[in-house]
1. I'm trying to understand the selection: among the residues of segment 68-84, which are open to solvent by 70 Å² or more (accessible area, probe 1.4 Å) and without any contact (Cβ under 8 Å) to a residue 24 or more places away in the chain?
2. Take the conditions closer than 25 Å to Leu253 by Cβ and not acidic (Asp, Glu) and apply them to Leu114. Does it pass?
3. Just to be sure before I move on: is Leu96 assigned to a helix (DSSP H, G or I), closer than 23 Å to Ala175 by Cα, in contact with a helix residue (DSSP H, G or I) (Cβ under 6 Å, 6 or more places away or on another chain) and open to solvent by 60 Å² or more (accessible area, probe 1.4 Å) in the structure I sent?
4. Among the residues of segment 99-123, write down those that are in contact (Cβ under 8 Å) with a residue 40 or more places away in the chain and either part of a helix (DSSP H, G or I) or in contact with a strand residue (DSSP E or B) (Cβ under 7 Å, 6 or more places away or on another chain) (or both).
5. Restrict the check to segment 227-250 and report whether at least one residue is crowded, with 20+ Cβ neighbours inside 10 Å, aliphatic (A, V, I, L, M), out of contact with any Ser or Thr (no Cβ under 7 Å at 6 or more places or on another chain) and at pLDDT 85 or above.
Amino acid sequence: MGRLIAVVLFIALLAPAGLLARAWSLASGRRAVASAAVEFVPTTPPATAQLARQAAHGRRVRKLGFALGVALVVLSVVLFAEASVFLWVPALAVGLLAGVLLAEATRPRARWALSDPPRRPRRGEQISPGLLWTMRGTVAGDVLAALWLADDLGTAPTVIALAVPLAGWLLAEAALLRVLARPLPAEGADVPIDEALRTWTAHLVVAAATVLSVLPLGALLLRAAIDLDDRIAGDGAGLLPVALVAGGFTAILAGLVVAGFLVTWLRPVQQTSHALA
């Protein structure tokens, strides 16, 4: 009976990854709607120049993120020698995701007439509140797990486990604040383009920050399950390690799912006006 309960618990704890995948699938539909709205806008030189400027900025900063990832790989080799081989992929991923976050947080302001008096969008118009609070919840879980395992991890790993998700979260919140605080365009064809740019930024930063928090959380939960020993006693003693392992695998699976969406969303907003042809 105990094994059956453990299996059921394991499967139940894997369900959140499926729910998160479903939520991001719906988010891709929102992005598709914003992209379709841009296609119904006539192409104009100012709009084309604005989109080209935004795209060039994103590519440039993401290249800096790749360079940061390579620098982190070199630093890991210097500090950990042969043992650093296991850190190369995470270090490069951190650099790439940092580039995505920095690119969105520092996007240049749009050069079109703003509404007067200023009108600002609502948060729910850019991204689902559920995805936003999932990002914040995973960051909080990461912090709690890192503090819980601080004695076992040591100073340096604990600092890294705290710094990476917290830095990603701060950059994401900064980008989201810019999206929310910037006034809407006055009118005309600029409105759907501006909405698409805001939607792109909101989804990119939330996805990147979620990956930066949920993957370390999964690793920390698996580490906690491995370190669990005979200090736990009682009838339900065997369920806690199972719950930690299931939670760890769920977090890693969820992070890979969100990363998959993120990779496909790096293409900038484009305006071809095929719908008007």
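1. Of everything in segment 68-84, those that are open to solvent by 70 Å² or more (accessible area, probe 1.4 Å) and without any contact (Cβ under 8 Å) to a residue 24 or more places away in the chain turn out to be Val74, Leu75, Val78, Leu79, Phe80, Glu82.
2. On the way: closer than 25 Å to Leu253 by Cβ: no; not acidic (Asp, Glu): yes.
So Leu114 does not fit the description; no.
3. yes
4. Within segment 99-123, Val100, Leu101, Leu102, Ala103, Glu104, Ala105, Trp112, Ala113, Leu114, Ser115, Arg123 meet the criteria.
5. No - not one qualifying residue is present in segment 227-250.
Conditions (1) open to solvent by 50 Å² or more (accessible area, probe 1.4 Å); (2) free of Cβ contacts under 8 Å to residues at least 24 places away in the same chain, marked per residue:
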residue: Leu131; (1), (2): no, no
residue: Arg136; (1), (2): yes, no
residue: Ala146; (1), (2): no, no
residue: Asp151; (1), (2): yes, yes
residue: Leu170; (1), (2): yes, yes
residue: Glu173; (1), (2): no, yes
residue: Arg178; (1), (2): yes, no
residue: Arg182; (1), (2): no, no
residue: Pro185; (1), (2): no, no
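For every residue, the table says whether it meets (1) open to solvent by 60 Å² or more (accessible area, probe 1.4 Å); (2) under 20 Å from the mean Cα position of the chain (by Cα); (3) over 14 Å from Asp194 (Cα atoms); (4) modelled with pLDDT of 80 or more.
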| position | (1), (2), (3), (4) |
| --- | --- |
| Arg30 | yes, yes, yes, yes |
| Val33 | yes, no, no, yes |
| Pro46 | yes, no, no, no |
| Lys63 | yes, yes, yes, yes |
| Phe66 | yes, yes, yes, yes |
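The values are calculated or read from the model by the stated rules, or taken from the named source; none is laboratory data. Remember, predicted model here, so these are calculated numbers, not experimental data. Using ideal geometry, Cβ is built from the backbone for each residue, glycine included, and neighbour counts are taken over all protein chains shown. What goes into the accessible areas is simple: the full protein's heavy atoms, side chains included, and nothing from ligands, DNA or RNA. Shrake-Rupley method; radii C 1.70, N 1.55, O 1.52, S 1.80 Å.
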